[in-house]
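Everything below concerns the one structure shown next.
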Amino acid sequence: AMAVPFGIDMVVSVIYCWVNGLPQLLPVNTLTSLVVLLAGGHLGARYLFRPIHRFLKTGQDFASIERPLTQLPLRSAMWVMWLYLPLLLFRVVVPLLFNITPPEVPEPTWLDAILTVVVQAIFIFVVVYFLVSDYLERLCHFLFDHHGVNLGLFFGRFASKVVVALGFTAIGPLSLIAGEIFSYSGDRLIREVAVDLLASAFGLIVVLYWVSRSLTRPLARLDIGIGKVAEGDLGVRLPVTSNEEIGELTSRFNQMVEGLRERQRIRETFGKYVSESVASQLLQQAGDGRLSGETRLATLMFTDIAGFTTLSERLHPDTLIALLNEYLEVVVEPIERH
């Protein structure tokens, strides 16, 4: 996931070199991108994944990796952005600052240079954040399936994710184009806008695809779980795969289902000693926080088994219980019917 920015940077470089007729720049951009984004991203991925890798090897102390796990998207995005920022400065700002732009390369204005650096750096941050969020979803599913653990620490905000994703996709490309309208004219303006439009179209496809995956898949899984519970399946337990409100909601869903399972176990246990209607009423009253007496008109029937005391002293407990169950299966049905 953290290697994807290298591919994005190469696509943007190809678009820029193709529109401006500068194929000689492509080898230099490729080399710098390989060293900074691919190698640096690899080192960052190994560093950030180290505590999780340790847990996968030992299977111990999941609590110690919950925070690194939930912060994986944010820390990965920050790591790649801080790698990409110096690379952009080296390509765009340094030649302009020291007046060393090659003659064949069109020199940008300061406004265009600053906007290019800021927008591309934020774009890479957004892409990596949602890429790694999608990876985190699969990783948490794996941890749930193989280690039986779930996230219990949440610090993200679903609304913030949506605002950042949609806000950037709307404002970023417009900012670049506005800066170029104020900076250039004629053929130069057409070329610069063409680069931005092509790069923005590619970027929008990438961002929207990964944003939709990382935001909708946990919701879809939660919807399926709710549907199963509605059908009476109380064996459902969902993996918590996101670090914001959706993950917290999934965790509470698991707690709710566990409570329903416990209630069902109590009902079944009561049902072995009293009728189903009485068990249901007792549970309903207990759910109100009180279990009080009340006056009712009722019919009672007391029965006895001849010689039961002697039988209970001589029979093995398992045999005695089997005898009682057989007796109750015979007498309970006609008593309830009449």
Being without any contact (Cβ under 8 Å) to a residue 60 or more places away in the chain and either touching a Ser or Thr at 6+ places or on another chain (Cβ under 8 Å) or of a type in the set (D, E, K, R) (or both) is the filter here; which residues of region 88-110 pass it?
Leu88, Phe90, Val92, Pro95, Glu107
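When you look at Gly289, is it over 30 Å from Leu115 (Cα atoms), part of a loop (DSSP other than H, G, I, E, B), open to solvent by 60 Å² or more (accessible area, probe 1.4 Å) and at pLDDT below 80, yes or no? Spell out the reasoning first.
On the way: over 30 Å from Leu115 (Cα atoms): yes; part of a loop (DSSP other than H, G, I, E, B): yes; open to solvent by 60 Å² or more (accessible area, probe 1.4 Å): yes; at pLDDT below 80: yes.
Yes, satisfied.
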Within the set of pairs 6+ apart or on separate chains, which have a first residue in region 177-188 that is in contact (Cβ under 8 Å) with a residue 12 or more places away in the chain and surrounded by 14 or more Cβ atoms within 10 Å (Cβ to Cβ), a second that is part of a helix (DSSP H, G or I) and among the polar types (S, T, N, Q), and C-beta atoms under 9 Å apart?
Ile177/Ser200; Gly179/Thr116
Count - residues of region 189-207 that are open to solvent by 30 Å² or more (accessible area, probe 1.4 Å) and in contact (Cβ under 8 Å) with a residue 40 or more places away in the chain
4
Consider His146 against the criteria (1) farther than 23 Å from Ile65 by Cα; (2) open to solvent by 30 Å² or more (accessible area, probe 1.4 Å): it satisfies all of them except one. Which criterion is unmet?
(1)
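Name every residue in region 144-187 that is of a type outside the set (A, V, I, L, M, F, W, C), in contact with a helix residue (DSSP H, G or I) (Cβ under 9 Å, 6 or more places away or on another chain) and part of a helix (DSSP H, G or I), in order of residue number.
To start, the set of residues in region 144-187 that are of a type outside the set (A, V, I, L, M, F, W, C) comprises 145-148, 150, 152, 156-157, 160-161, 167, 169, 172-173, 175, 179-180, 183-187.
Keeping just the survivors that are in contact with a helix residue (DSSP H, G or I) (Cβ under 9 Å, 6 or more places away or on another chain) gives 146-147, 150, 152, 156-157, 161, 169, 172-173, 175, 179-180, 183-184.
Listed by number, the residues that qualify are His146, His147, Lys161, Thr169, Gly172, Pro173, Ser175, Gly179, Glu180, Ser183.
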Positions within region 149-170 being open to solvent by less than 40 Å² (accessible area, probe 1.4 Å) and within 14 Å of the chain's Cα centre (by Cα), in sequence order
Asn150, Leu151, Gly156, Lys161
Name the pairs whose Cβ atoms lie under 6 Å apart, with the first residue in region 270-295 and closer than 25 Å to Arg337 by Cβ, the second modelled with pLDDT of 70 or more and among the small types (Gly, Ala, Ser), and 6 or more positions between them or separate chains?
Phe270/Ala279; Gly271/Ala279
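Just to be sure, is Val28 over 29 Å from Val164 (Cβ atoms), open to solvent by 40 Å² or more (accessible area, probe 1.4 Å) and among the aliphatic types (A, V, I, L, M)?
On the way: over 29 Å from Val164 (Cβ atoms): yes; open to solvent by 40 Å² or more (accessible area, probe 1.4 Å): yes; among the aliphatic types (A, V, I, L, M): yes.
Here the answer is yes, as Val28 does meet what is asked.
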Would you mind telling me which numbered condition in (1) over 18 Å from Leu85 (Cβ atoms); (2) buried (at least 17 other Cβ atoms within 10 Å of the Cβ); (3) over 25 Å from the mean Cα position of the chain (by Cα) Ala1 fails?
(3)
Candidate set from region 51-66 (those that are of a type in the set (D, E, K, R) and open to solvent by 70 Å² or more (accessible area, probe 1.4 Å)); member that is modelled with the lowest pLDDT
Asp61
Looking at (1) open to solvent by less than 30 Å² (accessible area, probe 1.4 Å); (2) of a type in the set (A, V, I, L, M, F, W, C); (3) under 23 Å from the mean Cα position of the chain (by Cα), which is the one condition that is false for Trp79?
(1)
Restricting to region 223-282, name every residue that is open to solvent by 70 Å² or more (accessible area, probe 1.4 Å), at pLDDT below 80, assigned to a helix (DSSP H, G or I) and among the charged types (D, E, K, R).
Glu268, Glu276
Tally up the residues in region 208-222 that are farther than 30 Å from Val14 by Cα and open to solvent by less than 60 Å² (accessible area, probe 1.4 Å), please.
5
Contact list please: Cβ distance under 9 Å, first residue in region 24-46 and within 23 Å of Tyr129 (Cβ to Cβ), second residue polar (S, T, N, Q) and surrounded by 15 or more Cβ atoms within 10 Å (Cβ to Cβ), pairs at least six apart or on different chains.
Ser33/Ser13; Gly41/Ser76; Gly44/Ser76; Ala45/Ser76
Cβ pairs under 8 Å, 6+ apart, first in region 227-249 and in contact (Cβ under 8 Å) with a residue 12 or more places away in the chain and of a type in the set (A, V, I, L, M, F, W, C), second crowded, with 19+ Cβ neighbours inside 10 Å and part of a loop (DSSP other than H, G, I, E, B):
Val240/Asn150; Val240/Leu151
Does Leu48 meet the test of being crowded, with 17+ Cβ neighbours inside 10 Å and either at pLDDT 90 or above or charged (D, E, K, R) (or both)?
yes
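The values are calculated or read from the model by the stated rules, or taken from the named source; none is laboratory data. Treat the numbers as computed from the prediction; the structure is a model and nothing was measured. As a convention, Cβ positions derive from the backbone with ideal geometry for all residues, glycine included, and neighbour counts pool all protein chains shown. Calculation scope for accessible area: heavy atoms of the full protein, side chains included, ligands and nucleic acids excluded. Shrake-Rupley method; radii C 1.70, N 1.55, O 1.52, S 1.80 Å.
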